[in-house]
Structures are given as C-alpha cells and as structure tokens.
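Trainee: Here it is, the structure in full.
The values are calculated or read from the model by the stated rules, or taken from the named source; none is laboratory data. Since this is a predicted model, take the numbers as computed values, not measurements. We place every Cβ from the backbone using ideal geometry, glycine too, and count neighbours over all the protein chains shown. Calculation scope for accessible area: heavy atoms of the full protein, side chains included, ligands and nucleic acids excluded. Shrake-Rupley method; radii C 1.70, N 1.55, O 1.52, S 1.80 Å.
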Amino acid sequence: MTAPAGVTPPEGARRNDAESACRDDAGPARRDDVETARQDGAGPARRDDAEPARVRGNDYRVLDPRESLTPTLTVSVVIPAFGGQDKLDLVLAGLARQTYPAALTEVIVVDNGSTPPLRLPATRPAGTRLVVCARPGRPSARNAGLAEATGDVIHWLDSDVILTPGAIEAHMRWHHAAPYLVVTGYIRFTGAEVPAELPADLEKHFEPAEPHAWIVDLVERTDGLTGNPQRPFSLHVGGATSVNARLVAAAGPMDEELILGQDTEMGYRLAQAGAVFVPEPAARAYHLGPTMRMRDKQPIDRVSHAFVADRIPAYRWLRGHPGRQWKVPYVVVVVDGTAGYDVVRPAVDALLAGTVPDISVLVTGPWDTLDRDRRAPLRDPDLDLVLVHGHYLHEGRVHLSVAETVDPAVPFVLRLPPGWIPGEDTLARLLELARDEGLGLVNVLLGESPEGVVAARLERVSAFARARLVVAPGEDSDDAVDTVSGVSWVEGETYGFTAEPAPLVGRRAAYRARTEAQAEAALLAKEAERLRAQVAKWKDEAGRWRRSAVELRRDVGTLRRQLAAANRAQRSLRGLVTTTMKRALRKRQPG
C-alpha cells in the first residue's frame, strides 16, 4: 500500500510496500557494501550533525558546490523501463562512463512488464540490479525502484536519457553542499539515429539537438530560479533529476493514482517538505527522440490538469471555481473548539463566508469523549462541545479533530486564537501579503492578556519545513523561519479582525468591493499613464519652443547687428554727401 501524500513511511515500509508486486533479480540490497565503500577509498565519513547552510527562498547561490570534492554520499539511480532494450543498453553504457565513484553508485533498473523481459547488458555499472514491477505505470515502477534504493540521493533517470560522463558528479556536488536539494540537469532532445553502441563523442553523434525549451525559459526568466518564483517545483522532472533521500522520505513516494503529472505533483510535495530547486547546466543529457508531451501537449495537459488541480493548490488558475472543495485546500484554519459554542461559531462562520473559498477549518477538541446517551442535555457539562460538534458535523469544509493534524501538502495554516473574528476579506489580504513578500510567517497582533500578547499566525508550511531542516539546537523555530523566508508583524484591526460578531453578508460583498477597488485602481493607473504621456508631450513641445526661442534670439541678434551696420553706413553716407555738397558750393562761389 502506498503511503498517503505527505506522510513519511515508517522504517522499511518502502521496501515492504513493493515486495508484493516486484522481485529483485540480483539479490537483496547491498547496504553493507555501500557502507564499506564509504569507509574504503571514499574519503572521510560525512558529518550528519553539521549545521546545514541556510538558503533564503530558493536563492541557492549562498551554497558552495566545490569542484575539488571528496565524495562521501551514495547515489541510487532509479530507471523505470518498459521495452526499449536497445535504448536501455545505451543508457547503462552512459552510466558506466560516469566520473562519480562507482563504489558510491548503485543503479536500479525496474522492468515494468516488458515483453520480452528486459536484461542487463554487459556494459553497465558494477552496482546495477534489475527488479520487476508487475503493476503498470511509470509511478509504480519508480516507487518499486525507490523501495529498493539505499543511497543518500535518489537520481531519477528515464530509460531513453543518456547522461554525459560528468552529469552525476555535477549533481552530487550540490548534494554535498546542502541536504535538502532537488537538482535537475539540462536535457537535449536529439533526432539522431539510435546507434548500436554508445559513441565515444556523444556531442558529435547526437547534435544538433533541441533544448528542453520550457525549463530553459523558466530558468532564464527567474534568474536561475533564484528570484523566488511561485512554482520552482515545476523543475522536478523524472528524466534527469536528483533528490536527497530524506526529502523523498518526508514527501512520500510518487502518487500512483495520477494518470499524468506525477513528476510535478511530487515536486510540489518536495517543495512543501522544504526543498530548494537547483538547475545545473553542467549535468547534461541526451533524450533519444521527442517526449510524449512534445508530441501531444494539449491532450496531455487536459488529462493532467483534471487530476493535479486537486493535489497542487499552488496552481491557482486550475481552481477558478468559486465554491467547490479540493482534496488539498489552499489554507487550513485551526480553531480551538473548547472555547465555547458562542465563541467558536462566529469565527468559523466568518471564515466560511469569507472571500477565500479554498479553505478548510480544523476545529480541535475532545470529540471522542462526548457522551452519546444524554438524558438531561441542558445540564450536560459538555453542552458547548456538543453544540459545536453537532453544528459543524455535516459541514464539508469543517473538520472536527481530536488532534491538530494538517496535511503537509497544504500551503498555509492560520492559527486563530479564541474570541477573535476575521473580516470577509481578512484571510485573502493576509495571504496576499505572505505571497507578495515571500513571508514564511505573518503574526497578527490582536491584543494583550494576562498571559501576554494575543496574536494570530499565518504560517507558510514549506518555510517551517525548511526551518526544521536547518534550525540549531535551542534556536527558536520562528527565528529559523525568519532566516529562510521572513517574518512580519501586522495590526489585527488593520486587517479586519474584531472581537464582536457582525452580520454575515457573504463573500460577494467583499469580493465586489475588492473588484470595484481594483477596477478603480486600474482606471486611475490608466489615467495616470495618460497624464504622464501628456506631460511628456508637453515637455517635448516646451523643448521645441525653447529651441525656437533660441533660434529667434539668434535671428534678432543678427538683425540688430545688420541694422547697426546699416545705420553706420547711412551715417557715413550722409557725412560723405554733406562734405561733397560743401566742396561743390565752395567751388561755385566767385573768387
């Protein structure tokens, strides 16, 4: 039986789950051999107690994947395969050329019901095993290989993807730098003829080839995924991705109920477990031919989206329905059900009437202790608990639980103290603040009590998971969250919290007000843009007038100089005429 999404299987469960459908054709897993390889010729033992480096958001640039690495971590390469013996032979030949130590590498090929059965070729890594998985489907085959894996790192590899010699070493440099990474190599899709033997020069034979376009685009527009994109988990693809085994244990195996989209869904759960996603250009590989998605993207998206919408709350565009419920809600609100019926009901009802329909309210209390055989209900000391239980027992978005159990796949958890009621748009605004600023925790100051400050808390589940991976002994978990994601305090009144219940008008009123405000803001922005354009036009016009004024002043100066010269010429002419006339008059006078 497959463990539920987000639940860590108990020790040994991964192996036992696969035994009914899979058999090992090369004997039991050689864990002792791996441990021996670590000690003999593989460098010093790894220090598991060393404090891991802290990555804020997805900015992995603080890590130091050293080139001169003394490797200590083991890696299990899991290859699900259905037919295609000729391609599998080439893939295993490529793995035999890897520069990462063979003593630290195991390869698990999972035959997913091939006819004729697959075989291991002569050219393969020494630590290669073949297991058979009878249950069809790539996720089942991967889980079967995962159950057999003993490595510190799990490296997914498709049976038609040939790694370049330094690919695994490029992956493992990152895994030695931090224990919570998901590293994806760069796949190129080649249309070259499949050779009978693996060429010595892969690039010469398989080029020209096309890049994995959408991964390249994702990486380029997010500055290598360091710009804290909303969905870095999309980088998790099964063709050539490696994952720390502890992360896989925390996130759980692949979801075998999914028809398509298993890689992305598992990537999402890895993100929720605290993963950092790293694209590594040096880990290059060649895919023999196009993928199924490249051939049939639209029909594949149609099938995939129908299922992953229930499981990946981060895909908000797939959850446009205004009222339906989903398997994994976007936010869970935890409410203390023992605070009293008249205190619990206004808070829960306000949450259900808010502008965030993708919500689940977890009401905690000792529901298993309630006496079902009541003769005097009005004198029942647990009457308030009975009323809360009965009032919400059949409400689909309210879950009555003895313990606080939140699915780790839920993106956000709001912890609401008793006696405080959120407004219609309160939760939406808090979520928007956390998303826009990438915060791991938003503390909402509500008031004070004799015990201290009263505050609500909006927690990002993935940030707290990351904090648990790096927190130092004695360090407050909120401080660790602050270093990996960020913490902020806001005033409750500013975000619509009240202590008195108000009439519920439904989410439409607040939604309409927000929509109108957004429309008005858009109009104002458009008007501001128009005015900026007008100002720019006026500036250009003023510039032209200034240039014209300069030219006019230059022309006036020229005319003035010309006029002054004319005046001087006129005065000179008058003087000359006068002098000439005087001389003529003197000549005419008799002597």
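Trainee: Using the Cα centre as the reference, give the magnitude of the dipole from point charges on the C-beta atoms of region 196-295 (Lys, Arg: +1; Asp, Glu: -1; all else neutral), rounded to the nearest 20 debye.
Mentor: Dipole size: approximately 240 debye.
Trainee: Give the dimensionless ratio obtained when the Cα radius of gyration of region 440-503 is divided by 2.2 N^0.38 Å.
Mentor: That works out to 1.33 for region 440-503.
Trainee: Treating each Cα of region 341-414 as an identical point scatterer and ignoring solvent, apply the Debye formula and state log10 I(q)/I(0) at q = 0.23, 0.24 Å⁻¹.
Mentor: Computed log10 I(q)/I(0) values: -1.14, -1.21.
Trainee: Each residue of region 316-324 in order: what ³J(HN,Hα) in whole Hz does its phi give by Karplus 6.51 cos²θ - 1.76 cosθ + 1.60, θ = phi - 60°, with x for Gly and Pro?
Mentor: Once θ is set to phi - 60°, the couplings for region 316-324 become 5, 5, 8, 10, x, 5, x, x, 7 Hz.
Trainee: Using modelled backbone amide H atoms (1.01 Å from N, in-plane), which distant-in-sequence or interchain residues come within less than 5 Å of Leu362's amide H?
Mentor: Val333, Val334, Val335, His399
Trainee: What trypsin sites (Lys or Arg not before Pro) in region 184-257 are in a loop by DSSP, with at most 11 other Cβ atoms within 10 Å of the Cβ?
Mentor: When the trypsin sites (Lys or Arg not before Pro) of region 184-257 are filtered for loop state and at most 11 Cβ neighbours within 10 Å, nothing remains.
Trainee: Over the C-alpha atoms of region 261-335, what are the Rg and the largest Cα-to-Cα span, Dmax, in Å?
Mentor: 15.9, 54
Trainee: Ranked highest first by the average count of other Cβ atoms within 10 Å around their residues, in what order do 232-240, 108-116, 54-62 fall?
Mentor: So the peptides 232-240, 108-116, 54-62, ranked by packing, come out 232-240, 108-116, 54-62.
Trainee: Given N residues in region 373-523, what is its alpha carbon radius of gyration divided by 2.2 N^0.38 Å?
Mentor: Ratio of Cα Rg to 2.2 N^0.38 Å: 1.28.
Trainee: Right, another one. Taking region 205-281 as the region of interest, what is the percent of Cα-Cα pairs per 5 angstrom bin, listed from the shortest bin to the one with the maximum distance?
Mentor: 3, 14, 24, 23, 17, 11, 5, 2, 0
Trainee: Quick check on the chain: helices-only [θ] at 222 nm, where DSSP H runs of length 4 and up contribute -39,500 (n - 2.57) each and the sum goes over total residues. Nearest 500, please.
Mentor: That calculation yields -13000 deg cm²/dmol at 222 nm.
Trainee: Right, next: Can you work out the base-10 log of I(q)/I(0) for region 550-591 at q = 0.15, 0.28 1/Å, using the Debye formula on its C-alpha atoms alone?
Mentor: Per q value, in the given order, log10 I(q)/I(0) is -0.54, -0.86.
Trainee: What is the P(r) of the chain, as percent of Cα-Cα pairs per 20 Å bin from 0?
Mentor: Distribution as computed: 16, 40, 24, 9, 4, 4, 2, 0, 0 percent.
Trainee: Run through region 140-216 and list the GluC sites (Glu not before Pro) located in a DSSP loop whose Cβ has at most 10 other Cβ atoms within 10 Å.
Mentor: Glu193, Glu197
Trainee: Also, I was wondering about something else. Please express the Cα-Cα pair-distance distribution P(r) of region 95-229 as a list of whole percents, one per 10 Å bin, running from 0 to the bin with the greatest distance.
Mentor: Spelled out per bin, shortest first, that is 10, 33, 39, 18, 1.
Trainee: Carbon and sulfur together cover what percent of the accessible area of the chain at a 1.4 Å probe radius?
Mentor: Exposed carbon and sulfur together represent 54 percent of the surface.
Trainee: Beyond 27 Å, what share of the Cα-Cα pairs of region 296-426 is found? Please give it as a whole percent.
Mentor: 29 percent
Trainee: Taking one equal scatterer on every alpha-carbon of region 408-467, how large is log10 of I(q)/I(0) by Debye at q = 0.16 1/Å?
Mentor: -0.54
Trainee: Please compute, over every Cα-Cα pair in region 238-304, the percentage with a separation greater than 19 angstrom.
Mentor: 46 percent
Trainee: Under DSSP H, which helices of the chain have Cα atoms covering 27 Å or more of the helix axis and a Kyte-Doolittle average no less than 1.0?
Mentor: none
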